[in-house]
Structure formats: C-alpha cells, structure tokens
Number of protein chains: 2
Amino acid sequence: MIRRLAILGVGLIGGSLALALKRTALVETVVGYGRGRDNLELALRQGVIDALADTPETAVAGAELAVLAVPVGSMPWLMQRIAPVLAPDAVLTDVGSTKQDVVAAAEAHLGPRLARFVPGHPIAGAEASGVAAAHADLFRGKEVILTPLPHTDPLALERVQAMWQGCGAQVLRMPPALHDRIFAAVSHLPHLAAFALMDELAGRDEAELYFRHAGSGFRDFTRIAGSHPEMWRDIALANRAALVAELDAYIARLRVMRELVAAGDGEALMQLLTRASRARRLWTQHWVQDRPK
Amino acid sequence: MIRRLAILGVGLIGGSLALALKRTALVETVVGYGRGRDNLELALRQGVIDALADTPETAVAGAELAVLAVPVGSMPWLMQRIAPVLAPDAVLTDVGSTKQDVVAAAEAHLGPRLARFVPGHPIAGAEASGVAAAHADLFRGKEVILTPLPHTDPLALERVQAMWQGCGAQVLRMPPALHDRIFAAVSHLPHLAAFALMDELAGRDEAELYFRHAGSGFRDFTRIAGSHPEMWRDIALANRAALVAELDAYIARLRVMRELVAAGDGEALMQLLTRASRARRLWTQHWVQDRPK
C-alpha cells in the first residue's frame with residue numbers, strides 16, 4: 001500500500017496509472033502536478049488525482065513513491081527540482097519511452113537519491129493524450145520494462161515492480177541500451193514513419209482529395225501519427241543514434257523495394273512480400289494472441 | 001435481380017460480394033471459379049457460391065453479370081478466356097485495386113464486349129485473404145469507385161452501380177488515371193511501407209527479440225503487411241509509375257526527418273510532428289467518423 005503517490009505529468013500514462021492503482025486499492029492518496037492547469041483540474045474532478053500541487057516540490061513532499069510521467073525531454077529539469085525535497089526513503093520511477101537519456105539525467109541530478117530511482121517504460125499507449133484519455137485498464141496484459149542500474153536499491157526495484165503488477169502488467173528487466181535499441185526499431189521508427197506519411201500528404205495541394213479516399217489500411221498505418229508531438233520529438237532526440245540507424249535501414253529497404261518496382265522485377269518483389277507477410281502472420285500468432293488488447 | 005452471377009476469384013472480395021448480394025436477394029445463383037480447389041469447395045460448402053465451375057468459360061456461360069475478383073496481374077489472361085463466351089448482353093466488371101492496367105487489358109482483349117465492361121474498385125479489404133475471411137458486411141458504408149470509359153454502356157454502368165449499392169456501398173466515379181494516382185498515395189505506398197518494415201526486421205539475426213517487444217503501435221502500422229503477396233505484387237507492377245513517384249516522395253520525406261533527428265533540430269522536428277498530428281486528427285474527424293467500420 002502506497003500512502004502518498006505523486007504523479008508528475010497527469011496525462012494518458014500518469015492518469016491511467018493513478019486509476020489502475022486506485023481501483024486495486026494499492027494507493028491511498030494521489031497528488032498530481034502538471035503544466036496544464038485545465039488538464040490537472042479535469043484530473044481532480046474525475047477523481048484521477050486527490051490533490052493538485054502547484055509545484056513539483058510540493059507534489060513529491062511526503063510522497064512514498066513518485067512517478068515521472070512527462071515527455072523525456074522534461075525529465076532532467078524535473079529531477080533537478082525534486083531531488084532536494086524527496087524523502088530519503090522515497091522511491092522514484094519514470095515512464096519514459098527512452099531509457100539511456102533518463103538514466104543519464106538521473107545520474108546527473110539525483111545525487112544521493114539515485115539508488116532509489118528505478119527507470120521504467122510501460123509498453124502501452126494510444127494516439128490520444130491527456131488525462132481525458134486515461135483508463136484503469138491501459139496496462140492490463142501489457143509489458144513494463146524496468147532498466148535498473150547496478151547500484152539500484154533492490155527494495156525500490158521490488159516496489160516499482162509490485163506497482164506495475166498491481167496494474168495487471170507483466171514486468172521485465174533489461175539494460176537501458178538494449179531497451180533503446182529494441183524500441184528504436186519497433187516503436188520509434190514506426191512512429192516517425194507514420195508522421196512522415198501524414199506530413200507528406202498533408203503538404204500537397206490536393207491533400208483533401210487524397211484524404212477523401214483513404215481507407216482502413218491508411219487509417220491503421222497512420223494511427224500513431226496522431227500521437228503527442230512533444231513526446232515524440234523528445235523521444236526522437238533522446239534516442240537519436242539508434243533511431244538514425246533505424247531510419248537509415250528503413251530508407252535503404254524502401255529503396256530496394258523502389259528499385260524492384262521500377263525495374264518491374266515481379267519475382268524478387270514477390271519474394272520480399274511473401275517473407276514480410278509470413279513474418280507478420282507469425283508475429284500475430286506468437287505475440288499478439290498472448291496479450292489482451 | 002441477377003439470375004446468374006459469375007464470380008471469378010472467390011476470395012475475400014469476391015466471396016464477400018456474393019454473400020452481400022445473396023443476403024439482399026439481389027442474386028439467384030452464384031457460380032464460382034478460382035484456381036484453388038480447396039478454397040472453392042469451402043465456398044460451396046459455406047453457401048457463398050451455389051455452383052463451382054472448372055473453367056472461366058463455363059463460369060461465365062449464361063451469366064448476366066460476371067465479376068473479375070482476381071489479382072490484377074491475372075486479369076488479361078482471364079479476359080482473353082471469357083471474351084468469346086460472354087453473352088452479348090452480359091455485364092462484366094472487376095474489383096482490381098488499379099484501373100489503368102485493367103482498362104488497357106479490357107481494351108486489348110474484350111473486343112465487342114468492351115462497352116459492357118465497367119471497371120471498379122471497392123475500397124475495402126482486410127489483411128486476411130481467401131473465402132474463409134469473407135463476410136456480407138465488408139462493403140457496408142465503404143466506397144466503391146467506378147472508372148467508366150467514354151464508350152461504356154450507361155445501362156451496364158447502372159447495373160454495376162446498383163449491385164454495389166445493394167451491398168451498402170457508396171458509389172463514386174472518376175477517371176482511371178486519377179484513381180491510380182490517388183491510391184498509389186493512400187493505399188499502395190502504405191502497403192509497401194508496411195511490408196518493408198516487416199521485412200527489414202524479420203531479416204535480422206535478433207528478429208525474435210525485436211518482435212517480442214513490439215506493441216500496439218507496431219501492430220497497427222504493420223497490419224497491412226499481412227496482406228496477400230501476389231495481389232500486392234500485381235498492384236505494385238500495375239501502378240508502377242505512380243507508385244515509384246510515391247516511394248520517392250516518401251523516401252525524401254523520411255530523409256528530411258532523418259536529417260532533423262541527426263542534427264538534433266528539435267524545433268523543426270516539432271513543427272513537422274505537429275503538422276502531421278494535426279492532419280491525422282482532422283482526417284479522423286472528417287472522414288473516419290462518416291464511415292461504419
């Protein structure tokens with residue numbers, strides 16, 4: 001049981017976490033802090049948080065557990081602000097989609113509180129953002145990856161793990177660098193690729209004509225292009241090296257495809273499409289069916 | 001009322017069309033022809049078709065309306081086979097995802113039957129293929145685009161339009177070249193881009209590790225990579241010029257993004273992501289809400 005939980009950034013992820021923990025009675029009081037006053041007041045009215053803090057410092061004062069649920073670019077500033085006021089036994093965690101940069105910020109700013117910081121990343125999201133999109137089931141059946149450091153306090157790690165398990169999530173651990181490499185490929189790249197297609201078409205004179213006829217394939221391919229721009233700018237910059245490598249690999253693969261189409265090489269194209277289609281079906285069978293959506 | 005309907009290619013689209021027309025009692029007897037004997041026999045057992053033809057010729061003999069629902073690369077061959085046996089007043093249509101190549105095939109092979117050929121394209125699909133995936137509601141609320149030629153018989157056009165309206169679809173008309181340009185951008189390109197990502201990751205030594213952690217964003221982005229390889233090879237080759245232009249534009253846009261990320265240009269990246277995200281939200285509001293899924 002967490003007597004006082006501080007959520008810094010009460011958006012889709014922070015709000016859903018608060019709702020999930022409240023439902024299972026794993027938390028007594030949730031204090032929220034965030035930049036958007038309207039969003040925070042909505043969170044209070046909807047019972048997502050019990051109290052509203054005007055500063056990060058007042059949010060974490062007296063909190064047993066504090067969760068940083070802001071875009072990763074805002075983590076260093078927040079850590080700097082709260083480090084001096086965190087209780088010595090308070091546990092701190094984050095939900096950032098990149099881990100090496102968040103770990104570096106923690107090392108730079110948390111000082112003696114570093115050992116009780118547990119870097120984390122719930123693999124859950126939606127194209128909607130803000131507390132209005134939050135729901136208690138967001139993490140049910142999803143993965144949460146923790147990337148503890150060699151000196152991370154095992155009790156702090158246990159506590160954060162228990163928090164996510166209480167939300168119905170499955171908790172895994174891996175090193176920050178491996179995390180960032182994997183998610184550059186399976187998450188950060190597809191997001192940028194979806195944003196790129198949307199931007200390409202939206203910038204055309206005939207954009208309306210194109211959009212008018214786009215169907216369900218386009219809808220699903222571009223769903224994640226509706227995601228929070230600031231959050232994704234921060235992720236792209238934070239995971240820059242891995243993401244640039246993924247963009248290069250993807251562009252190279254698209255160029256191969258382009259050459260096959262231009263040359264009318266039906267046989268090689270058929271091989272490529274067959275490999276991809278088979279891989280997609282295998283993935284669906286192995287991974288998607290195990291996870292509630 | 002269509003007394004005898006011939007479906008050549010009883011897959012997702014052909015099978016769903018048969019089911020939709022049977023439900024509304026717009027058709028008396030459906031004769032099916034296709035390459036896969038197992039699939040055809042399943043269609044017969046499930047009542048999707050009433051009779052099974054061993055050749056395209058026997059399928060269309062005596063049919064008032066014949067629908068070509070095969071990958072576009074197989075259209076020329078099929079047209080050549082059936083042209084001599086089509087009744088003079090029979091109406092012929094197709095469901096191909098590209099229209100200029102199908103029109104060219106019709107002009108080359110249909111001879112005196114050309115005036116009663118109505119080129120069409122229902123904007124509906126799924127990553128599943130085969131008659132097992134067919135359902136009577138596939139076209140409800142969806143668009144069907146007809147691309148009649150100057151000399152297309154107005155009565156044939158009316159008949160095909162009525163058929164699709166009977167399935168709950170909304171019928172539009174446009175020239176074949178415009179059709180192919182629009183769908184290169186909003187359908188053919190996203191399909192190849194999804195196939196490309198799947199193929200890129202599946203080819204890696206650590207593919208399983210990547211796929212293991214892919215979440216719902218990846219799932220939706222790659223859904224269409226599960227589509228029928230032969231169908232998409234044919235589409236890519238049939239709409240080659242427009243698709244190569246779209247691939248070039250997309251690759252160029254990805255390169256811009258790659259440069260912004262590599263340079264750490266957060267401001268320009270934020271502008272791009274904001275434009276894309278806003279365009280996606282507008283599209284959702286304007287178009288998706290009007291359409292039953």
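The values are calculated or read from the model by the stated rules, or taken from the named source; none is laboratory data. It should be emphasised that the depicted structure is a prediction, and the values quoted were computed from it without experimental measurement. A quick note on method: Cβ atoms are made from the backbone with ideal geometry, for glycine too, and the neighbour counts reach across all protein chains shown.
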Could you check the range B:182-192 and list, in sequence order, the residues that are touching a Phe, Trp or Tyr at 6+ places or on another chain (Cβ under 7 Å) and within 15 Å of B:P229 (Cβ to Cβ)? B:H191
A careful count of residues in the range B:96-144 that are in a loop (DSSP other than H, G, I, E, B) and either surrounded by 23 or more Cβ atoms within 10 Å (Cβ to Cβ) or within 18 Å of the chain's Cα centre (by Cα) (or both) gives 22
The range A:249-277: number of residues that are surrounded by fewer than 16 Cβ atoms within 10 Å (Cβ to Cβ), more than 11 Å from B:A196 (Cα to Cα) and more than 7 Å from every other protein chain (Cβ to nearest Cβ): 6
Test result for A:A225, among the small types (G, A, S) and touching a Phe, Trp or Tyr at 6+ places or on another chain (Cβ under 6 Å): yes
Of the residues in the range A:194-207, those that are more than 7 Å from chain B (Cβ to nearest Cβ) and assigned to a helix (DSSP H, G or I) come to A:A207
Would it be correct to say that A:V261 is farther than 20 Å from B:I224 by Cα and β-branched (V, I, T)? no
Of the residues A:K99, A:K142, which is at negative phi, among the charged types (D, E, K, R) and touching a Ser or Thr at 6+ places or on another chain (Cβ under 8 Å)? A:K99
When residues of the range B:53-76 are filtered for being assigned to a helix (DSSP H, G or I) and in contact with a helix residue (DSSP H, G or I) (Cβ under 9 Å, 6 or more places away or on another chain), how many remain? 9
For A:A184, indicate whether it is more than 7 Å from chain B (Cβ to nearest Cβ) and either within 15 Å of B:A252 (Cα to Cα) or without any contact (Cβ under 8 Å) to a residue 60 or more places away in the chain (or both). no
Among (1) within 14 Å of chain A (Cβ to nearest Cβ); (2) within 20 Å of B:R4 (Cβ to Cβ); (3) among the basic types (K, R), B:K99 falls short only on (2)
Against the definition (within 19 Å of the chain's Cα centre (by Cα), touching a residue at least 60 places away in the same chain (Cβ under 8 Å) and part of a strand (DSSP E or B)), how does B:I13 come out, yes or no? no
Residue among A:S74, A:S97 that is touching a residue at least 60 places away in the same chain (Cβ under 8 Å), closer than 25 Å to A:G226 by Cα and in contact with a Phe, Trp or Tyr (Cβ under 7 Å, 6 or more places away or on another chain): A:S97
May I ask you to list the residues in the range A:43-52 that are surrounded by 24 or more Cβ atoms within 10 Å (Cβ to Cβ) and in a loop (DSSP other than H, G, I, E, B)? A:V48, A:I49
What tally of residues in the range B:33-47 results from selecting those that are among the small types (G, A, S) and closer than 20 Å to B:M79 by Cα? 2
Please work out which residue is farthest from B:I82 (Cα to Cα), limiting yourself to the range B:11-31 and to residues that are surrounded by 24 or more Cβ atoms within 10 Å (Cβ to Cβ) and in contact with a Leu (Cβ under 6 Å, 6 or more places away or on another chain). B:S16
Please indicate, with yes or no, whether at least one residue in the range A:27-38 is hydroxyl-bearing (S, T, Y) and not in a strand (DSSP E or B). no
Scan the range A:53-95 residue by residue and report those that are β-branched (V, I, T) and either crowded, with 20+ Cβ neighbours inside 10 Å or touching a Cys at 6+ places or on another chain (Cβ under 7 Å) (or both). A:V60, A:V67, A:V70, A:V72, A:I82, A:V91, A:T93, A:V95
Pairs only if they're at least six apart or on different chains, beta carbon under 6 angstrom, first in the range B:235-248 and within 7 Å of chain A (Cβ to nearest Cβ), second not in a helix (DSSP H, G or I); list them, first residue then second. B:L237/A:G264
If you check A:P76, A:P84, A:P88, which single one turns out to be over 22 Å from A:M163 (Cβ atoms) and over 22 Å from the mean Cα position of the chain (by Cα)? A:P84
For residues in the range B:145-181 being crowded, with 20+ Cβ neighbours inside 10 Å and part of a strand (DSSP E or B), which is nearest to the other protein chains (Cβ to nearest Cβ)? B:I145
Looking at A:L5, is it touching a residue at least 60 places away in the same chain (Cβ under 8 Å) and either more than 30 Å from A:A242 (Cα to Cα) or assigned by TED's automatic domain parsing to the domain that holds A:L155 (or both)? yes
B:H191 fails exactly one of the following numbered conditions: (1) more than 8 Å from chain A (Cβ to nearest Cβ); (2) under 22 Å from A:I251 (Cα atoms); (3) within 16 Å of the chain's Cα centre (by Cα). What is the number of that condition? (1)
Check B:A136 against each of (1) touching a residue at least 60 places away in the same chain (Cβ under 8 Å); (2) in contact with a Phe, Trp or Tyr (Cβ under 9 Å, 6 or more places away or on another chain); (3) more than 13 Å from chain A (Cβ to nearest Cβ) and name the one condition it does not meet. (2)
Take the residues in the range B:157-187 that are touching a Ser or Thr at 6+ places or on another chain (Cβ under 8 Å) and among the small types (G, A, S), then tell me which one is farthest from B:F221 (Cα to Cα). B:G166
Looking at the range A:208-227, is at least one residue more than 7 Å from every other protein chain (Cβ to nearest Cβ), surrounded by fewer than 23 Cβ atoms within 10 Å (Cβ to Cβ), among the small types (G, A, S) and outside any helix (DSSP H, G or I)? no
